[in-house]
Amino acid sequence: MEKTFVMVKPDGVQRGLIGEIVSRFEKKGYQLVAAKLMSVSRELAEKHYAEHKEKPFFGELVDFITSGPVFAMVWQGQNVIAGARQMMGKTNPADAAPGTIRGDFGISVGMNIIHGSDSPESAEREINLWFGEQELITYDKTINKWIG
Ligand code: GTP
Ligand code: MG
């Protein structure tokens, strides 16, 4: 089953949005397979955002993501990579539709509350970067047959 990496960024943790975000993913029907609250080293942040290394905001991005604890998760489900991105909304909360996480809770692009992998390749890379294999829990949920 498809998996994706989702992270509540430091602003989301500070604002008490972990529960709201986890709840939205649970209610959608996705299955949580790993989660941890953690502080982020500069090394991990730089690896995670390596694709943005040349961007003018790279330093700011690394400063921000290491500025406080994050809540890292792996979610599983049919088409969960694209589905999670839809639930998050556009990168800039100013463009994100109401009903999306960024649209409902964010204002500025620098502090946009949540991260989600943007492709199957990113999902695999990011899950392996943030979690060890033993941290991913395989289990059956009886409700899954009602979700599809
Ligand atoms: P992530 O899920 O965090 O990767 O967001 P995204 O995939 O929607 O956007 P992208 O990967 O293009 O950018 C990564 C992150 O960089 C964004 O989530 C923003 O927090 C940040 N970012 C993007 N553009 C800007 C910018 O112009 N200024 C600042 N300060 N941050 C930016
Ligand atoms: Mg991205």
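The values are calculated or read from the model by the stated rules, or taken from the named source; none is laboratory data. Treat the numbers as computed from the prediction; the structure is a model and nothing was measured. Note that each Cβ is placed from the backbone with ideal geometry, even for glycine, and that neighbours are counted across all protein chains shown. Note: accessible area is taken over every heavy atom of the protein model, side chains too, but ligands, DNA and RNA are not part of it. Shrake-Rupley method; radii C 1.70, N 1.55, O 1.52, S 1.80 Å.
Positive-end ranking of Met1, Gly148, Ile21 along the dipole of the chain, with charges on Cβ about the Cα centre, is headed by Gly148. Residue-wise HN-Hα couplings along the range 12-17, as the Karplus relation 6.51 cos²θ - 1.76 cosθ + 1.60 with θ = phi - 60° gives them from phi, are x, 5, 4, 8, x, 9 Hz; Gly and Pro carry x.
Amide H to amide H, with H built 1.01 Å from N, Ile114 comes under 5 Å of Lys9, counting only residues 5 or more places away or on other chains.
In this Cβ point-charge picture (+1 for Lys and Arg, -1 for Asp and Glu), the chain has a dipole of about 400 debye about its Cα centre. With every protein chain in place and a 1.4 angstrom probe, the accessible-area ranking of Ser41, Ser122, Ser117, largest first, reads Ser41, Ser122, Ser117. Taking 7 Å steps out from each Cα toward its Cβ at Gln78 and Lys36 produces label points 3.2 nm apart.
Along the range 100-114 the Karplus relation, 6.51 cos²θ - 1.76 cosθ + 1.60 evaluated at θ = phi - 60°, assigns HN-Hα couplings of 8, 5, 5, x, 7, 10, x, 10, 10, 5, x, 10, 10, 6, 9 Hz to successive residues, with x for each Gly and Pro. Of the solvent-accessible surface of the chain, computed with a 1.4 Å probe over protein heavy atoms with every protein chain present, carbon and sulfur atoms account for 52 percent.
Note that the chain presents 55 Å² accessible area per residue, ligands and nucleic acids not counted, probe 1.4 Å.
For the set Phe57, Phe131, solvent exposure ranked by accessible area (probe 1.4 Å, protein chains only) runs largest to smallest as Phe57, Phe131. Using the Cβ-Cβ distance between Lys47 and Asp104 with R0 set to 41 Å, the FRET efficiency from 1/(1 + (r/R0)^6) comes to roughly 0.85.
Counting 0.36 nm for each residue step from Leu129 to Asn92 and taking away their Cα separation leaves a gain of 10.8 nm. Could you pull out the pairs from Lys9/Lys53; Lys28/Lys55; Lys47/Lys141; Lys3/Lys55; Lys47/Lys90 whose alpha carbons sit more than 30 Å apart here? Checking Cα-Cα distances, Lys28/Lys55; Lys47/Lys141 exceed 30 Å.
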